Each structure stands twice: as C-alpha cells, then as structure tokens.
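Undergrad: Below are the structure tokens for one structure; questions will follow.
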Amino acid sequence: MRVPYEYAVIQAVPRIERGELINVGVLLYCQRHDFLAARTHLDESRLLALDPSADVPAVRAALDSWEATCTGGGASAGMKLGERFRWLVAPRSTVLRAGPVHMGLATDPAAELERLVGLLVR
C-alpha cells in the first residue's frame, strides 16, 4: 500500500550573496512508517565551480550533521521525527539549506529516498 511522504532537496549555496546552488542530498519523512532519513552526495567539482574557495571538508561535515540529526544525534536527541524534519527544512541563510517541501506516495520510503537521490542529486 502506498503511503504519503514529504521530502526536500538539500542544497549547497557556497556564496549566499550570489544565490547559486547545487543539489547535494534529499531529506525524506514518512510519518506512517516512522521514517526520517537524509542521503547526501557532494560533487566537489560542481561545488568548486560555484566557489573555488569553498571549504569542502566543512560542507561534508555539515552534510554529515544533517544525516545525524535524522537519527537523533546531537541537539535533536529528544525530538520526534516530525520535529526533526521541520527543524531541518526551516528556512535558513547558511551554506546548506532545504529546498521547498514536496509530497509523494510510496510503498517503501527508503527505496523512494534512493530513487529521489538518483533523480535529483546524482
């Protein structure tokens, strides 16, 4: 049975003032399956094309923290999955941000997350 899920593309914006971005991951939340996960993929050459001085290790560390937040790491330890998702997709002016939230239907949220990463990021 297909169930609803929400997802957002994780974007890297290495120079906020220019507004240029690349997709670096997908965040997917499915309440019915108690599922929240982020899958990331950083194409260093694309990031450096936007900003040759981008701090690639710092961007990778920040992406790792998004994945850790999904699993309850750090400050998100006491939060419910939906709260973590809303926290991650909240508007922010940083190098990493979530794009608009979209909805979909899927039978397997984990497989759908992998499909979306292949389609939107890789």
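The values are calculated or read from the model by the stated rules, or taken from the named source; none is laboratory data. The model shown is predicted, which means the values in this text are computed figures rather than measured ones. Don't worry about glycine lacking a Cβ; one is built from the backbone with ideal geometry, like all the others, and counts go over all protein chains shown.
Undergrad: If you check Ala37 against the conditions, is it among the aliphatic types (A, V, I, L, M), over 17 Å from the mean Cα position of the chain (by Cα) and surrounded by fewer than 21 Cβ atoms within 10 Å (Cβ to Cβ)?
TA: Judged against the criteria, Ala37 is not a match.
Undergrad: Another question about this same structure. Got a sec? Which of Arg32, Arg18, Arg86 is within 18 Å of Gly104 (Cβ to Cβ), in contact (Cβ under 8 Å) with a residue 24 or more places away in the chain and of a type in the set (D, E, K, R)?
TA: On the way: Arg18 fails: within 18 Å of Gly104 (Cβ to Cβ); Arg86 fails: in contact (Cβ under 8 Å) with a residue 24 or more places away in the chain.
When all the criteria are applied, what remains is Arg32.
Undergrad: Another one. I'd like to know if segment 77-86 contains one or more residues that are in contact with a Cys (Cβ under 7 Å, 6 or more places away or on another chain) and modelled with pLDDT of 95 or more.
TA: For segment 77-86, residues in contact with a Cys (Cβ under 7 Å, 6 or more places away or on another chain) and modelled with pLDDT of 95 or more: present.
Undergrad: Identify all residues within segment 69-91 that are surrounded by fewer than 16 Cβ atoms within 10 Å (Cβ to Cβ) and within 17 Å of Gln11 (Cα to Cα); write none if there are none.
TA: Listed by number, the residues that qualify are Arg86, Trp87, Ala90, Pro91.
Undergrad: In the set Ala38, Ala58, which member is among the small types (Gly, Ala, Ser) and outside any strand (DSSP E or B)?
TA: Ala58
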